[in-house]
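The values are calculated or read from the model by the stated rules, or taken from the named source; none is laboratory data. Given the structure is predicted, the values throughout are model-derived calculations rather than measurements. All Cβ positions, even for glycine, are placed from backbone atoms using ideal geometry, and neighbour counts span all protein chains on display.
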Amino acid sequence: MSIRLRLTLWYSGLLAAALVAFGLILYTVVYQNTMGQLKDRLSLEASKILQSRVLTANPISGELNLGRTYAFDAIIGIQVVSYSQDVKGTVYYKSPILRGNVGSQEITFAFPEANKVTTKYISEDVAGLPFLIYETPLVLEGTGQLVGLLQVGTYTGKEQEYFGQMRTILWTAGLAGLALAFALGLFLARKALRPIERVTEAAEKIQIGSDLKLRIPGESQDEIGRLTRTLNHMLGRVELAYNDLEESNTAQRRFVSDASHELRTPLTTIRGNVDLLEKIWAQPQLLLTDGTHEGDAAPARSKLTAQEREEMSKEAIHDIADEARRMSRLVNDLLSLARADAGYVMDKERLPLLPLAEEAARRANFLPRRAEWVVGSLEALKGVWVVGNRDYLLQLLFILIENGFKYTPAGEVRLEAIRLDDRVGLSIADTGIGLAEEEIPHIFDRFYRADVSRGQTAGTGLGLSIAKWIADMHRAKLEVTSQPEGGSRFTLWLPVDFSPREEYDIIEATARPTTPQRDQA
């Protein structure tokens, strides 16, 4: 059973109970008021008869006498029963209305025996007609002897017909109202629950088609509106997380593919040189200078001399060593990026920046290069302290310096320092081949290499990715400006640490040695 139908049934049931209660109360109030008025009228008429003394009794014989001068009510019937001659009672008198004016027939009220006479109201059918009768005993004054019974009654057919019509109206109106309320309740429940249906439809569409861009319409301010906004916000976050996951998976697949490609090249070279060494030293007497063997159809063959075998072996070993070093650098770079992906947190400390920059500048002199290495002014670094990891910052600077040397076949690579408010910059500028503007946003992507550099310079395309990670770990910013054939400038902006320096550089203040006191004689 749906929520809509359950809500409608509950609503209809409560409405039905309310209608029944209202109908019962209304019917009871009208019935009691109408019948109460009739009873008051009958008792008033009986009192008037008794007080007017038109009905008298013989004090000796007990016979009743009714005066003929009493003005009877045209719709009230009066019947007098006498018990003076018979304890079972004898009808002594009837008013004109009971002598054939009601239903065109004579009416006689039923009456009790003398020992059962009391003052009361009774409702009964007389000759098939409904009557309300008021009975009161007649007694002799002074003696209290029961001599008769006065019955005052009225025809209640019109009232009963009115009550019947009222019951019919109440039942008909109640059932019609309940049916209308049920239909209206279904309509309102459907309208009220329509936003939930839209939520369900949206969820089904997302489940079937994986369309996370779908949003649930509706911006009402009620509870359903709050639910809609919450679900839309949740869908937005799910879409963002899903897109991030897709981008991460795509980047991971590209990373694995590029890493496999980069590793395959040195492995192929190593394997080729190993095969060459195996051939040289396994059967050296059959290997000829042109790379053929005895028995091959080739002109002018000669065996390798010992010196030639040694030279070829050294050349192969040199190639193997170069490729091994290249693989080692690649594996180290991949390890650094794997640490970055795993959320590695490097240890940092407060350190002066000038000695670090001077150390990088000194070591850069030993790097292979064709461009001139120029160290500009580092005055801006005097007295500047930063919070960082010395080894990783040196690695970042070496990556930028090596890149400058790599892509500058002629000219110079320059290191300079810049101070700007609470930041300090280490700028490494070159006069090399430069980069196109559209390539700059991608240079920090893993394995990315600009088109102009592919095939011209060696490299894996991981250095700047590692540099970006190190900068991020130090809350630093790498700023890049470049133009084709106009060189490039990489500026590392580091936040300056303004916290007070330690009192002692070597020994902590809390760990200062104390001179033991000598015992005095």
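Overview of results
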| item | result |
| --- | --- |
| Hits in region 317-335 (condition: within 19 Å of L396 (Cβ to Cβ), surrounded by 17 or more Cβ atoms within 10 Å (Cβ to Cβ) and out of contact with any Ser or Thr (no Cβ under 8 Å at 6 or more places or on another chain)) | L334 |
| Among residues of region 232-263, those that are of a type outside the set (S, T, N, Q) and either exposed (fewer than 11 other Cβ atoms within 10 Å of the Cβ) or at pLDDT 75 or above (or both), counted | 16 |
| Residues located in region 222-246, provided they are under 16 Å from R194 (Cα atoms) and over 10 Å from the mean Cα position of the chain (by Cα) | D222, E223, I224, G225 |
| Inter-residue pairs, beta-carbon under 7 Å, first under 17 Å from A173 (Cα atoms) and in region 4-28, second small (G, A, S) and surrounded by fewer than 17 Cβ atoms within 10 Å (Cβ to Cβ), 6+ apart | L19/G177 |
| Region 392-440: number of residues that are in a helix (DSSP H, G or I), in contact with a strand residue (DSSP E or B) (Cβ under 9 Å, 6 or more places away or on another chain) and of a type in the set (D, E) | 2 |
| Candidates G432, G388 - the one that is modelled with pLDDT under 90 and either within 29 Å of A338 (Cα to Cα) or touching a Gly at 6+ places or on another chain (Cβ under 9 Å) (or both) | G432 |
| In region 327-355, residue nearest to the chain's Cα centre (by Cα) [restricted to those that are in contact (Cβ under 8 Å) with a residue 24 or more places away in the chain and closer than 27 Å to L263 by Cα] | A340 |
| Residue that is nearest to P495 (Cα to Cα), among those in region 368-398 that are of a type outside the set (A, V, I, L, M, F, W, C) and under 50 Å from the mean Cα position of the chain (by Cα) | G388 |
| Residue in region 399-406 that is over 47 Å from the mean Cα position of the chain (by Cα), farther than 20 Å from F498 by Cβ and either basic (K, R) or surrounded by fewer than 17 Cβ atoms within 10 Å (Cβ to Cβ) (or both) present | yes |
| Tabulated pairs, region 403-431, first over 11 Å from G487 (Cα atoms), second among the basic types (K, R) and at pLDDT 90 or above, C-beta under 7 angstrom, 6+ apart or interchain | S427/R489 |
| Selection status of F109, assigned by TED's automatic domain parsing to the domain that holds K39, within 21 Å of S84 (Cα to Cα) and either touching a Gly at 6+ places or on another chain (Cβ under 9 Å) or outside any helix (DSSP H, G or I) (or both) | yes |
| Residues that are more than 23 Å from W469 (Cβ to Cβ) and buried (at least 20 other Cβ atoms within 10 Å of the Cβ), drawn from region 432-446 | G432, I433, G434 |
| Members of region 157-202 found to be under 30 Å from G128 (Cβ atoms), hydrophobic (A, V, I, L, M, F, W, C) and loosely packed, with under 14 Cβ neighbours inside 10 Å, listed by number | I169, W171 |
| Residue pairs meeting the criteria (Cβ under 7 Å; at least 6 apart or on separate chains; first free of Cβ contacts under 8 Å to residues at least 12 places away in the same chain, in region 129-147; second part of a strand (DSSP E or B) and among the aliphatic types (A, V, I, L, M)) | V139/L146; V139/V147 |
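The rows are residues; the columns are (1) in a helix (DSSP H, G or I); (2) in contact (Cβ under 8 Å) with a residue 12 or more places away in the chain; (3) among the hydrophobic types (A, V, I, L, M, F, W, C).
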position: E311; (1), (2), (3): yes, no, no
position: A324; (1), (2), (3): yes, yes, yes
position: A357; (1), (2), (3): yes, yes, yes
position: V387; (1), (2), (3): no, yes, yes
